[in-house]
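The values are calculated or read from the model by the stated rules, or taken from the named source; none is laboratory data. Here the structure is a predicted model, which means the values were calculated and not measured. All Cβ positions, glycine included, derive from the backbone under ideal geometry; neighbour counts span all protein chains shown. When the accessible area is computed, the model is the full protein with side chains, heavy atoms only, and any ligands, DNA or RNA have been set aside. Shrake-Rupley method; radii C 1.70, N 1.55, O 1.52, S 1.80 Å.
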Amino acid sequence: MATGSSVIAPERSLVTTRVFDAPPERVYKAWTDPKQLARWFPPEGLTAPVCQLDVRVGGAMRIDMKAPEGEPFKGQVFPGKGVYREVVPNRRLAFTFTPEMEGRAMPTVLMTVEFEDQAGKTKLTIHQTLDTVAEYEEMVKTGMAEGIAESLGKLAGVLSGRSTDRGVFVSGRQLTLTRVYPAPRDLVWTAYTDPKHIVKWSFAADWESPFAETDVRPGGAFRIGMRPADHSQEGFVFSGTYVEVVKPARLVQDLGDGRVMTTTFEDVLGGGTRLTLSLEMAESEEQERTGWTQILDNLGTHLATLRGKG
C-alpha cells in the first residue's frame, strides 16, 4: 500500500512522461518482473547480469549494470541498490536507487512511477527526485535525462516484442519512430541510401519495391517504386528531393507534397546505431504507424543479413 513517503519536489526532480501501446498491467509487470526489467532498465549498450527484486514496501532491489567491452568503460560493472517505498499494483511504484560508479556511491534517486490507463494504452509518468538541488544538478550532469530516455526506449521494445524498437511518438500530425540496430552507422547509412539495398526493405507488409533511384546530395532526387507483392495493382512511386545530406549523420528529404522527412543516425554504446525518423503524417495515424513500423522492421532484417555476410 502507499506510505506517503514519496515527496515530489519540482526544483530537484526530473519528470519524464511516455505513452506505451500496452495496458497498465503489462507495463507494471515489465517494471516488477526481474527478467523483463533486466532487459530494459540499463541504458543503451549496457546489460544487467544481476537483477533482484523484492517488490513490497520495505523490500530490497539490486540491479548491477555492465558496460560492453572496449572503450570507454571496458566491461565495467556499475552496482545499484534500492528499497521499495510504495507498491500499488498496476498504478504506482516508488523506490530509492543508489548507483555506484568506480566504487563511489552516487546520490540516491527516489523514483516514483505512475501507470495511467488511456484506452488500453499506458501513460507512464516518472519522477526522479534527489535529496538536494546540488545532488540533482550533479545527476543531471552525469546524464540522468539521457539515461532514462534510453531505458524507456528499450522498454518500448520489450513491450512490442521487437528488439530494435525504441518507441513511436506522435505530436499533432508529426510521427517519430526510433530504432536501435546492432550495426555500425556507416552500414546503416549505406543500407538506407543505396538503391540496391533500398529495394530489399523499403516497403510495408504485402508490398515490394521493384526499383529505387537515389542521387544523395542536396537538390538530388530520389524515386522508390511501390507495388503490391502479388502485382494485383499498379502501385505508385515514392519520390522527392534531398534537402540536407550530412553523411552518415542526417538526411532531410522533401517528399514533394509539402511534407519533410528527417532521419538521423547516431552511434550508441556498444557499436550500434540509433535511427530516428520523423515526418508529418499524410494518412491516418494507425496507417502511418503500422506502415513505417513494418518498413523499419524490414530494414532491421536486411541489416542482419548484411552483418551475417560480413
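At q = 0.07 Å⁻¹, what log₁₀ I(q)/I(0) does a Debye calculation on the Cα points of the chain give, no solvent, two decimals? Calculated log10 I(q)/I(0) at the listed q: -0.33.
Taking label points 7 Å from Cα along the Cα-to-Cβ direction, Thr16 and Gln287 give a separation of 3.5 nm. Projected label points at Asp215 and Thr142, each 7 Å from Cα along the beta carbon direction, are separated by 5.3 nanometres.
Computed over the alpha carbons of the stretch 155-220, Rg followed by Dmax gives 14.5, 40 Å. Using a simple charge model, +1 on the beta-carbon of Lys and Arg, -1 on the beta-carbon of Asp and Glu, nothing else, what dipole does the chain show about its Cα centre, in debye to the nearest 20? Dipole size: approximately 660 debye.
Here the spin labels are modelled as points 7 Å beyond Cα on the Cα-Cβ line, and at Asp186 and Lys123 they lie 4.6 nm apart.
Listed cross-link partners Lys66/Lys196; Lys29/Lys200; Lys121/Lys247; Lys74/Lys154; Lys81/Lys123 are compared with a 30 Å cut-off, the Cα-Cα value being larger for Lys66/Lys196; Lys29/Lys200; Lys121/Lys247. Short-range pairs are left out: with C-alpha atoms under 8 Å and at least six residues apart, the relative contact order of the chain is 14 percent.
Shown here is the pair-distance distribution of the stretch 77-215: with all Cα-Cα distances grouped in 5 Å bins from zero up to the longest one, the shares run 2, 7, 11, 15, 16, 14, 11, 8, 6, 6, 3, 1 percent.
Its alpha carbons give the stretch 108-166 an Rg and a Dmax of 13.9, 40 Å. A straight chain from Asp206 to Ser171 at 0.36 nm per residue would run longer than the Cα-Cα distance by 9.8 nm. Working from the Cα coordinates of the stretch 189-295, the gyration tensor eigenvalues give, after taking √(5λ), semi-axes of 22, 16, 15 Å in decreasing order. With the cut-off at under 20 Å, measuring from each backbone N in the stretch 194-210 to a point 7 Å along the Cα-to-Cβ line of Ser239 picks out 194-200, 202-204, 208-210. Tell me, what % of the accessible area of the chain is carbon and sulfur with a 1.4 angstrom probe? The C+S portion of the solvent-accessible surface of the chain is 51 percent.
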